[in-house]
Amino acid sequence: MPLSRRRWTSMLQEFHQCTGLLDYRIAKWRATRLSLDEFTDERPSRIQRLAQRALIALGNRFNVFFLQGIHARPRIDHRLFLDRTFWLTSLDYVRNATAELLSREIHERGIQGAVAEVGVYQGNFASLLNHHFPERTLYLFDTFEGFDPRDVHFDKSQGWTSVPQDFDGTSIAAVMSKLPYPDKVKIRAGWFPESAEGCEDETFCLVSIDVDLYQPILAALRWFYPRLSPGGYLLVHDYNNDEYMGVKHAVRRFGDETSVTWSLLPDRRGSAVITKGDDNSVPKKGEL
């Protein structure tokens, strides 16, 4: 009996996840034997390249898309996830599928506002946001030079991180080259929230916050939430990342300040999702 399209999709997704797990274990083994300068996610191994080619070939042959949503022909091309250098980002099915699902919800409900990402790095997730919101302005906030020493010093002083990486392997030109609709993008380079100067009157429907450290995450939550449209979303990545524990502390501090609550996603490193209610104001504790 021939396999159904749904069964093919399920089998390919399982294969995708298994190859990712295998490659992750190999990567951890390699990391114990190589210096941090020699080992990065951006260098696909032979297994990664073979898996990429196999998945792309199967996807092309059977017209299978790995984000299988409610539509017969989803809007997202599987090659946008697989044919990239940052392999572990492409494997984060839950996070990537969430971006698509939230974009559909925002479009269908008519939630107004621009899209933004704070912490762009090499622009892989930004390219997905740009793809899902081709008609909306996408603000990209980043130093494009790695972590700011002020933020790193604070997290280290609290014992929240000891990872010696600063994500400086990026540039504005490299990010822009990945974006499908670069004419809709506004680059805001610099230290956040100073880089947000001049954007105070903007409203947002979806904001991805992926800066790993306590101070910029708390600053982003405080700055964006009042400017979030009713029904809009804040996505805070690395909530459950033991290498950057300041993320969880920042989200919880913001919750204590505003009584805002969040949901959690079991994606790679975990994400917190904050949804703006219909009421534009959030009562402080003691004001109810």
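Read-outs: derived from the displayed coordinates by stated rules, not from any lab. Because the structure is predicted, anything quoted here is derived from the model rather than measured. Ideal geometry is used to build each Cβ from the backbone, glycine not excepted, and the neighbour counts take in all protein chains shown.
How high is the FRET efficiency from residue 263 to residue 105, r the C-beta distance, R0 22 Å, rounded to 0.05? Please list the in-between numbers first.
Details: r = 14 Å, r/R0 = 0.62.
Taking R0 as 22 Å, the efficiency between residue 263 and residue 105 is 0.95.
Can you list residues whose amide H is under 5 Å from residue 206's amide H, if they're 5+ apart or on another chain and H is modeled 1.01 Å from N?
116, 233
Taking 27 Å as the cut-off for C-alpha to C-alpha distance, list the pairs among 156/184; 248/276; 156/276 that go past it.
Numbers: 156/184 37 Å; 248/276 19 Å; 156/276 32 Å.
Where the Cα-Cα span goes over 27 Å, the pairs concerned are 156/184; 156/276.
Whole Å is fine, so just give me how far the alpha carbon centre of region 106-138 lies from that of region 227-252.
Computed from Cα coordinates, the inter-centre distance equals 17 Å.
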